[in-house]
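Q: Handing you a structure now.
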Amino acid sequence: MPGIAIVGAQWGDEGKGKITDLMAEHADVVIRYQGGNNAGHTIVREGETWKFHLIPSGILYPGKSCLIGNGVVVDPKVLLEEIEGLKRRGVDVRGLKISANAHLIMPYHLLLDQAGETRLGDRQIGTTRRGIGPCYADKSARLGIRLQDLLDEKILKQKIAAAMEPKRQSLRPFAKDPALDLHTMTEDYLSYGQRLAPHIADTPPIVWNALDADRNVLYEGAQGALLDIDHGTYPFVTSSNPVAGAACVGAGVGPRDIHEVWGVAKAYVTRVGAGPFPTELFDEVGERIREAGHEFGTTTGRPRRTGWLDLVALRYAARINGLTGLAITKLDVLTGIDPLPVATTYTGPEGARFDHFPYNQSVLHKAEGDYVDRPGWHDDIAGARRWEDLPQTAQDYLAFISDFVGVPIVLVSVGPGREQTIVTDEGRRVMGGGSGVVAVKA
Ligand code: IMP
């Protein structure tokens, strides 16, 4: 019963899209378990570019079940645009199913997200303004509206009215916004419901049946461990749990249904939005990494903050996710930077030294990385396909990460193309045998 979770091990944007796309080829079911259209990734396939925010990119492989789990928050307008876009390009979307229990992002969630950020002024979180936080807040307050509610006009109208009532004060500045008219909103959402109806389903049994039949299930996480609402750099986090444990809740399975957890991490670090970042670079090296790594957000286009690899944070991410493998991406971006500083401890306020990720917000805000210099490499590595193709110093850099974090490296990405991927012996062991997660092409 092979199930593998692919999670972000930093602040999101680690290149999970490429890794999940590679793995999806071998999976029978792919299920997104949290987040919403705050996420986004671009897949380049045979010269064609595909952008996804909600639908697992596995949809590009015919015959897969691609599921949006109950833990995801769904903006139906965005989802329909994504579905229509795929159909226009001839993709068969019949395998797409969305949990009837997934919550809907409503027009007032978008307005509240914007208003919340404006109110915070220079203390703002830097959200994607897609309504994610307010939607999860309504879910917890039991005022959420779910996919299944779209199929019953009376219930839908009642629920929208009930959800808007306690927000009247905060929504007052938008009182004249036509998007907030109860009648219009109900009509719009009913029509979304009609169009989405063939895809609305009870998704957990699809996963259980696949697991029972010894099929491969891929649990696809969005964002990353340090944006986790419980374990990340709160309050500068997203409103869901990107960690692997949340795959159980967001997909409807138990911990024993996850056999491998692969964490995706860049060979350096980026972050979008505000919040602590102990290894952040403010100089021309940071700029060089941003340019070389095309570090601009897929969802919002914002330039990403860049910094040196942070092994204190990565070891923490490994622990809270229970990582069994590390996929290191964008190694090629570091070519030519020599030496390569890597943070192995932090110095906090008053010179205190931390070898673990500090839980205290004030400490974390002031923490700065302490570095060991690792030798860099100068040869172009974009053509490397096997571990042995990498220069010795690049191999050493990866081995240092793996030893420090205590997790084997399974994949190394040296460019955006699918073929620009090195599968290590450990990766091959897991993929080909072991838990039998996938049979990989060598
Ligand atoms: P929200 O998820 O839109 O509420 O944004 C909260 C924080 O998470 C902000 O700092 C965002 O920049 C960040 N964030 C949300 N989604 C992603 C993502 O997919 N990649 C990177 N950062 C993200």
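Q: Considering only residues that are more than 9 Å from the ligand (Cβ to nearest atom) and crowded, with 24+ Cβ neighbours inside 10 Å, look in segment 225-241 and name the one that is nearest to residue 32 (Cα to Cα).
A: My answer is 241.
Q: Report, by residue number, each residue of segment 16-46 that is modelled with pLDDT of 95 or more and at positive phi.
A: Of everything in segment 16-46, just one residue is modelled with pLDDT of 95 or more and at positive phi, namely 35.
Q: All but one of (1) away from the ligand (no atom under 16 Å from the Cβ); (2) surrounded by fewer than 23 Cβ atoms within 10 Å (Cβ to Cβ) hold for residue 217; state the number of the condition that does not hold.
A: Residue 217 satisfies every listed condition except (2).
Q: Just give me the residues in segment 129-158 being within 23 Å of the chain's Cα centre (by Cα) and surrounded by fewer than 15 Cβ atoms within 10 Å (Cβ to Cβ), in sequence order.
A: If the condition is that a residue be within 23 Å of the chain's Cα centre (by Cα) and surrounded by fewer than 15 Cβ atoms within 10 Å (Cβ to Cβ), then 140 is the only one that fits.
Q: Then there's this: Take residue 301 and decide whether it is closer than 23 Å to residue 379 by Cβ, without any contact (Cβ under 8 Å) to a residue 60 or more places away in the chain, surrounded by fewer than 22 Cβ atoms within 10 Å (Cβ to Cβ) and within 16 Å of the ligand (Cβ to nearest atom).
A: No, not satisfied.
Q: Across segment 113-128, which residue is farthest from the ligand (Cβ to nearest atom) among those that are crowded, with 17+ Cβ neighbours inside 10 Å and within 11 Å of residue 273 (Cα to Cα)?
A: 125
Q: Against the condition within 14 Å of the ligand (Cβ to nearest atom) and over 23 Å from the mean Cα position of the chain (by Cα), how does residue 161 come out, does it pass?
A: Details: within 14 Å of the ligand (Cβ to nearest atom): no; over 23 Å from the mean Cα position of the chain (by Cα): yes.
Spelling it out, it is not the case that residue 161 is within 14 Å of the ligand (Cβ to nearest atom) and over 23 Å from the mean Cα position of the chain (by Cα).
Q: Then there's this: Does residue 137 qualify as being of a type in the set (A, V, I, L, M, F, W, C), at pLDDT 95 or above and not assigned by TED's automatic domain parsing to the domain that holds residue 7?
A: So residue 137 passes the test.
Q: Moving on. State yes or no: is residue 294 under 26 Å from residue 5 (Cβ atoms), out of contact with any Gly (no Cβ under 9 Å at 6 or more places or on another chain) and not in a strand (DSSP E or B)? Can you show your working first?
A: Details: under 26 Å from residue 5 (Cβ atoms): no; out of contact with any Gly (no Cβ under 9 Å at 6 or more places or on another chain): yes; not in a strand (DSSP E or B): yes.
In short, no.
Q: β-branched (Val, Ile, Thr), outside the structural domain of residue 83 (by TED's automatic domain parsing) and more than 30 Å from residue 271 (Cβ to Cβ): which single residue out of 118, 186, 127 fits that description?
A: Just a single option satisfies the conditions, and that option is 186.
Q: Can you go through 179, 222, 210 and tell me which one is in contact (Cβ under 8 Å) with a residue 60 or more places away in the chain and within 16 Å of the ligand (Cβ to nearest atom)?
A: Within the list 179, 222, 210, the selection yields 222.
Q: Next up: Condition test on residue 294, is it of a type outside the set (Phe, Trp, Tyr), without any contact (Cβ under 8 Å) to a residue 12 or more places away in the chain, over 23 Å from residue 364 (Cβ atoms) and assigned by TED's automatic domain parsing to the domain that holds residue 365?
A: Yes, satisfied.
Q: Related question: Looking only at residues in segment 398-435 that are among the hydroxyl-bearing types (Ser, Thr, Tyr) and either under 25 Å from residue 214 (Cα atoms) or part of a helix (DSSP H, G or I) (or both), which one is modelled with the lowest pLDDT? Reasoning before the result, please.
A: Restricting attention to segment 398-435, the residues satisfying the condition of being among the hydroxyl-bearing types (Ser, Thr, Tyr) are 402, 413, 421, 424, 435.
From what is left, the residues that are either under 25 Å from residue 214 (Cα atoms) or part of a helix (DSSP H, G or I) (or both) are 402, 424, 435.
Values: 402: 98, 424: 96, 435: 37.
This residue is 435.
Q: Within segment 4-17, take every residue that is more than 10 Å from the ligand (Cβ to nearest atom) and of a type outside the set (Gly, Ala, Ser) and give me the one that is farthest from residue 264 (Cα to Cα).
A: The selected residue is 4.
Q: Every residue in segment 18-45 that is crowded, with 24+ Cβ neighbours inside 10 Å, more than 18 Å from residue 424 (Cα to Cα) and within 15 Å of the ligand (Cβ to nearest atom), please.
A: Passing the criteria: 32, 33, 34, 35, 36, 37, 38, 39.
Q: Another one. Can you give me the number of residues within segment 46-94 that are under 24 Å from residue 210 (Cα atoms) and either in a loop (DSSP other than H, G, I, E, B) or not assigned by TED's automatic domain parsing to the domain that holds residue 217 (or both)?
A: The qualifying residues number 14.
Q: Now for a different question. Would you be able to tell me the number of residues in segment 58-89 that are among the hydroxyl-bearing types (Ser, Thr, Tyr) and crowded, with 24+ Cβ neighbours inside 10 Å?
A: 1
The values are calculated or read from the model by the stated rules, or taken from the named source; none is laboratory data. Source: prediction; values computed, not measured. Backbone-built Cβ (ideal geometry, glycine too); neighbour counts: all protein chains shown.
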